[in-house]
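Here is the structure we will look at.
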Amino acid sequence: MKYKSSSLDVKVEELIIEEDRSAHISKHEVTITEVKQIIKSDYVYIKSKYEKRWILIGKTKKSRFLSVIIAEREEKNVFGLVTARPAHITERNFYKELKKTQGG
């Protein structure tokens, strides 16, 4: 699978986390705290194969690579948490390569 960034700017000003999301992401051994760290970090993103969804790839404070999947809401820059999981190797490589080319 080939990853590329979008020309759109995915800026998360508000993340809506439904009650069941904590239990859902815990199955992937991810916490809400880690999700918030990614949202507040210098993440990279790609368009999901699902409509109106994005995959944010970033590192937690403990340098753990995660992929956070979010879905667009009606309001601008408002998203809902779909799921979060450890980033796949291709996603980690995409993150590292993009950060290297951006000088970060």
(request) Restricting attention to the stretch 64-74, report how many residues are surrounded by 15 or more Cβ atoms within 10 Å (Cβ to Cβ) and in a loop (DSSP other than H, G, I, E, B). (result) 1
(request) Quick one: in the stretch 20-49, of everything that is without any contact (Cβ under 8 Å) to a residue 24 or more places away in the chain, of a type in the set (Ser, Thr, Tyr) and in a loop (DSSP other than H, G, I, E, B), which residue is farthest from residue 96 (Cα to Cα)? (result) 31
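Let's see how each residue does on (1) under 14 Å from the mean Cα position of the chain (by Cα); (2) among the charged types (D, E, K, R); (3) surrounded by fewer than 15 Cβ atoms within 10 Å (Cβ to Cβ); (4) in a loop (DSSP other than H, G, I, E, B):
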position: 12; (1), (2), (3), (4): yes, no, no, yes
position: 51; (1), (2), (3), (4): no, yes, yes, yes
position: 62; (1), (2), (3), (4): no, yes, yes, yes
position: 80; (1), (2), (3), (4): yes, no, no, no
position: 92; (1), (2), (3), (4): yes, yes, no, no
(request) Output the residue which, of all residues in the stretch 20-53 that are over 11 Å from residue 83 (Cα atoms) and among the hydroxyl-bearing types (Ser, Thr, Tyr), is modelled with the highest pLDDT. (result) 33
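The values are calculated or read from the model by the stated rules, or taken from the named source; none is laboratory data. These figures come from a predicted structure and were not determined experimentally. Glycine gets a Cβ as well: all are built from the backbone with ideal geometry, and neighbour counts include every protein chain shown.
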